[in-house]
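Here's the structure we're looking at; comments come further down.
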Amino acid sequence: MESEPRMKGPVTAVGTVAAKNYLARVRVLAESLAAHHPELPLFVMLTDEIDGRFVEADEPFNLIGFAELRVRDISLRSFAFAYDRKTLAAACKPLLLGNLLNRGYSRVVYVDADTLLLGRIDSVLRKLEDLSILLCPHRLRPPSGDGRVAADLGLLRSGTYNAGLLGVRDSEPARRFIDWWWNRLRRHCR
């Protein structure tokens, strides 16, 4: 990912990835973020084209068009055709994180487009003052009961961490993580 001009100061951005069919959910996320954190901008990476379906200036978020991304060694058009809408949104998460860090944000919190914030996320923001990467596990304790083995195997297939909420602080470890994640998702997002 190529760098863009950097801003100064400790600024935090919130971002999500969505296609047009998810914009109603994104608007709910934007309203709930504004209610609890009016100081935090929301950026939405749109994985398809506007096609006259909405007016960008009327939206309660900042739009990052898929075409704005600069990625070496890959055609974003062919990348978009390789995945269905949901998988494409998942594969674009590291691109969004890198893009917002390259814009100069020192902390970026990713939340899935269908998230409704019911309160402030101060604990997440505080953690990102010290941590380079903040991940949320799917489970805090091992499963119990008869289905525990199947539950463990299912978790191993889907991943230990839930990528619906994560954060990065602009640091070398976070940028290495983003590059590592992108290199896996660009061709192997399942």
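The values are calculated or read from the model by the stated rules, or taken from the named source; none is laboratory data. Everything numeric in this text was worked out from a predicted model, so none of it was measured. Cβ atoms come from the backbone with ideal geometry, glycine included; neighbour counts cover every protein chain shown. Note: accessible area is taken over every heavy atom of the protein model, side chains too, but ligands, DNA and RNA are not part of it. Shrake-Rupley method; radii C 1.70, N 1.55, O 1.52, S 1.80 Å.
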Just want to confirm a number: the relative contact order over the chain, from Cα pairs under 8 angstrom separated by 6+ residues, in percent. 29
Of the candidates Val26, Asn99, Pro38, the farthest towards the positive dipole end of the chain (Lys/Arg Cβ +1, Asp/Glu Cβ -1, centred on the Cα centre) is Asn99
Would you pull out the residues with amide H under 5 Å of Met45's amide H, same chain only if 5 or more places away, H placed 1.01 Å from N? Thr16, Val17, Ala18, Ile64
Sorted from largest to smallest, which semi-axis lengths in Å does the alpha carbon gyration tensor of the range 94-140 give for its equivalent ellipsoid, taking the root of 5 times each eigenvalue? 19, 14, 12
Evaluate the Debye formula for the chain with equal point scatterers sitting on the alpha carbons, no solvent, and hand back log10 of I(q)/I(0) at q = 0.08, 0.18 Å⁻¹, in q order, two decimals. -0.27, -1.33
Using +1 at the C-beta of Lys and Arg and -1 at the C-beta of Asp and Glu, which of Ala163, Ala151, Ala82 has the Cα lying farthest in the positive direction of the dipole of the chain? Ala151
Listed residues Arg103, Arg27, Arg53 arranged by accessible area, highest first, probe 1.4 Å: Arg53, Arg27, Arg103
Cα centre as origin, Lys/Arg/Asp/Glu Cβ charges: the range 130-190 dipole, Debye: 260
Based on Cα positions only, what radius of gyration and what Dmax would you give for the range 105-190, in angstroms? 15.1, 46
